[in-house]
1. Since R89 meets every condition but one in (1) at pLDDT below 95; (2) open to solvent by 70 Å² or more (accessible area, probe 1.4 Å), which condition does it not meet?
2. Name the residue, out of L133, L149, that is closer than 30 Å to R108 by Cβ, open to solvent by 80 Å² or more (accessible area, probe 1.4 Å) and more than 18 Å from the chain's Cα centre (by Cα).
3. Tell me the helices (runs of 4 or more DSSP H) entirely within the stretch 60-172 that contain at least 1 residues that are in contact with a Lys or Arg (Cβ under 6 Å, 6 or more places away or on another chain), of a type in the set (S, T, Y) and farther than 29 Å from A193 by Cβ.
4. From the set of residues in the stretch 192-212 that are under 22 Å from Q67 (Cβ atoms) and touching a Gly at 6+ places or on another chain (Cβ under 6 Å), which is surrounded by the fewest Cβ atoms within 10 Å (Cβ to Cβ)?
5. Need pairs with beta-carbon distance below 7 Å; first residue touching a residue at least 24 places away in the same chain (Cβ under 8 Å) and under 12 Å from I176 (Cα atoms) and within the stretch 186-205, second β-branched (V, I, T) and in a loop (DSSP other than H, G, I, E, B); sequence gap 6+ or separate chains.
6. Which numbered condition trips up T181, out of (1) in contact (Cβ under 8 Å) with a residue 12 or more places away in the chain; (2) open to solvent by less than 50 Å² (accessible area, probe 1.4 Å)?
7. Inside the stretch 104-123, can you point out the residues that are farther than 20 Å from R143 by Cβ and open to solvent by 100 Å² or more (accessible area, probe 1.4 Å)?
Amino acid sequence: MPITSSLHLLQALVHRKRGQLWLCLAVLLPLGANAKSFSGLIYPLHDITMSAGVSGLVMKRAVLPGQAVRADQLLLQLDDRLQSIESNRRRVIFEDQSELQATRDRLRILDTLLHDARAVFNSTGSISKDELLRLEAEQLASRGRLAQLLEQKKRERLDYESAEGDRLQRHITAPISGVVTKVIHQEGEWAKAGDPVLHLVDTSVAILRLAVPHN
């Protein structure tokens, strides 16, 4: 078999299974006088050293070395109890719609009262001008309060999202599917921000590098 064809076959086999490199070379040697062997190395397409964005106590190791994981799967979790409390507190505040709903109901009633009062004032004049102005002022105040509450809910949503993001910083998840090759920290150990905590390798595709002479 020509050398070029042999290398193409070798590359295809390596793409499927990393451990077949030297087996493929051994099979290619007796295929013909033109067959040659080359020394080389296989590198995974993705070899990732992962670290935490914040410092914290390792609370849970969700995977073991050699375990295959999928993208976004939890790998390691730092202590997030305080952050969970704050996130839940912010969520409760954001989801509380009681004052907002009460203000909407009040404004709807005031709109009806003001509409009827204007009709009576224009037709019979039995309602004083002061009473009409009082209802108009209450309507304007309720509209202003409703606008304030809507803006407040936007701020509360941002506060909740910020607190939840702070909590999720302590959840280290897989950016890609692959195999965990090393978990550095044990449960109960302190992990510093930026220090390696585990290694993840994508074994589905490998890169083969050969030392091929010109002659």
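The values are calculated or read from the model by the stated rules, or taken from the named source; none is laboratory data. Please read these numbers as outputs of a predicted model, since none were measured by experiment. Positions of Cβ are generated from backbone atoms using ideal geometry, with glycine treated the same way; all protein chains shown enter the neighbour counts. All accessible areas refer to the heavy atoms of the entire protein, side chains included, with ligands and DNA or RNA removed. Shrake-Rupley method; radii C 1.70, N 1.55, O 1.52, S 1.80 Å.
1. Looking at each condition in turn, R89 falls short on (1).
2. Result: L133 is the single residue among L133, L149 that is closer than 30 Å to R108 by Cβ, open to solvent by 80 Å² or more (accessible area, probe 1.4 Å) and more than 18 Å from the chain's Cα centre (by Cα).
3. Fully inside the stretch 60-172 and qualifying: 98-123, 129-168.
4. Among them, the one singled out is D202.
5. From the stretch 186-205, the pairs are D202/I176.
6. Here T181 meets the rest and fails (2).
7. Correct list: N122 only.
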